[in-house]
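These notes concern the structure reproduced below.
Only the coordinates and a few stated rules stand behind these numbers; no lab work does. None of the values given here were measured: they were computed from a predicted structure. Reconstructed Cβ throughout: ideal geometry from the backbone, glycine too, with neighbour counts over all protein chains shown.
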Amino acid sequence: MQRLPLKWIAIFSIATNLLMVVPPLHMLQVYDRVLTSNSIETLIYLSAIAVAAMVLFGAAEAVRGKLAQRASAQYTVELSDPLFKRLSGNVDGARGSSQVLRDFNSVRSFLSSRSMIGLFDLPFVPLFILLMFMLHWLLGVVTLVGAGALVAVAWINKTSTAKNAEESKRSDMEALTFAQTVFMRAEDIRAMGLLPAVTERWGQRMAESLQKGDVAAGQTSMFYGISKSVRKILQIMIMACGAALVISGEISAGVIFAASMISGRALAPVEQVIGGWDRIAQARTAQANLEEFLASDPEAHDLVQLPDPQGDILVQGLTYSPSKLPNARPVLDNVNFEISAGKILAVIGPSGAGKSTIAKALVGAIVPDGGQIMLDGAQRAQWPEHQWGQAVGYVSQEITLFPATLAENIARLELNPDSKKVVAAAQAAGVHELITSLPDGYSTEIGPGKLVLSGGQKQRIALARALYSDPRVLVLDEPNAHLDAQGEVSLMSALKRAKSQGRTIIAVTQRRSMLQIADEVMTIKAGQVADFSSAASHKTGSATPPKVAERVKLDPPPLAADTNLPADHQRGAEA
């Protein structure tokens, strides 16, 4: 990446640095030729040539800045797609993604900065030192010693401030992440009066960040001040040595001023790098982090487009453990089941049993540690990502809608959504009437400062979004958790229509109402399949008193006496 823009930046850097020789040469000629000959014509010609050269210099500098901006733009364009693809599968969550994006922005902004352009001037430092030797060997030695002193200052600056700078960056990131995480739950903070405690904790993190930042900034400022002192001392020494050489008759007076300008140009890139060292170091670290992050993505191959699936799902030996500790208990442990196309499977079980994890594994939201998930006999990894996303619709337990219109949310943020498909999906999800009752209908904006939807409304919009691509498989995680009675009736009708169209439906649920339309019921306990049977055996209906049914609805009728229930509840279930 960036080879073409950076190559041209290097070419124009050659031009700008060669043209920077013109002012000291002009001054040298004015002192040694014009003043001694009193020739106005010579002065005019020399000045005209110098002015023309400086016009070219300004144009070259402008082009360098433009090329740097284009290098940044090209870097952004080339990296955006693989970066966002990799971020979509990031297992570190929002915090890790936020850090990756900060690294990306750090590199992107550095590429368009003057600090980056200054790096292209460094290779020309030896050229200007050579010119100093050509003027006089003593002037060259003084300049070389000064350059060496500045390089030593830069090296000491790098080695002594690296640790503090890294700690300052880490503390600042932790404080920022804490604030972002906390204020995502601003309603809870107000409701529970958490503001004083949250403020104190954030203050502690900010105090640590400020303290470490102050130490790092103090060290950097000290070394920058030292470099400025060395630079000014060098100019004084150049003038002093030049004057001594003029007195001794070894050089002309014009050489003094030319040498002063050339030495300043020789050391300017070094001083600029020292002043921008923090930014350079941060960009280098950020780029290394990005390369490591992108390299951790398994090599993607162009997959063959498979025939449109019917919806047969087969799961074999599915295991998953989010914890990497040796003795950690897996959330899923050798889960096996099969569901045919056009069937509805209800997944039930106690909280924390692993039901939602199964749903996430089925759609690819998490990568299982072992086992196979097959759609129409083809493993998940064999399906192209786009085709899988079209074939499998998903409604998660925690609904996330994006800052956009309702139509754009249903259309999965397509730039040019199909209006007919949007309306058809909304009608299939039973949410068309709700949307049209809003003043702006499908053009209603949602998001911060816009319309706020209830949990039930979000679930129904999410179901329409899942149906937009006409999927053959629907995976629903607690789709009726926030629905009222009317919303649940609408949901059941939508799922019956989806089933009649041959879709396979896997619904994680805590409510018995889902069992009334299910074909199969799978009970999950402690990450394993405790029971897989027809829904008919679970439809106890009105034989169970309402209160008892409500209290035992999380568990299917036991195959044997359930020791977790009181004796009277066991007798009620057996009845």
So how do 446-453, 169-176 stack up, highest first, on mean other-Cβ count within 10 Å?
169-176, 446-453
Summing -39500 (n - 2.57) over every DSSP H run of at least 4 residues in the chain and dividing by its residue count gives a helix-only mean residue ellipticity at 222 nm, to the nearest 500 deg cm²/dmol, of -20000 deg cm²/dmol
Could you compute how fast the chain diffuses translationally, taking Rh as the Kirkwood radius over C-alpha pairs and applying Stokes-Einstein at 10 °C with viscosity 1.306 mPa s? Give it in µm² per second.
53
Taking neighbour Cβ counts within 10 Å as the exposure measure, how do Lys420, Lys163 sort from fewest upward?
Lys420, Lys163
Determine the relative contact order of region 345-428: mean sequence separation of Cα pairs under 8 Å and six or more apart, normalised by residue count, in whole percent.
14
So how tilted is helix 125-135 from the main axis of the chain? Cα-based, degrees 0 to 90, rounded to 10.
0
Check cross-link reach from Lys212 to the lysines: straight Cα distance under 19 Å, and skip same-chain residues fewer than eight apart.
Lys158, Lys163, Lys169
Are there any trypsin sites (Lys or Arg not before Pro) in region 319-395 that are in a DSSP loop and have at most 12 other Cβ atoms within 10 Å? List them by number.
Lys324
Cβ density ranking, 10 Å radius, fewest first, applied to Tyr45, Tyr75 yields Tyr45, Tyr75
Under 19 Å between alpha carbons, and skipping anything fewer than 8 positions from Lys85 in its own chain: which lysines qualify?
Lys360
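Give me the net charge of Ala149's neighbourhood, meaning all other residues with Cβ under 13 Å from the Cβ of Ala149; Lys, Arg count +1, Asp, Glu -1.
Around Ala149, the surrounding residues sum to +2.
Based on the alpha-carbon set only, what is the convex hull volume of region 202-320 divided per residue, in Å³? Mind dumping the intermediate values first?
Working: hull volume 31.1 nm³, N = 119.
That works out to 261 Å³ per residue.
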Average Cα contact separation per residue, the chain, under 8 Å, 6 or more apart, as relative contact order %:
13
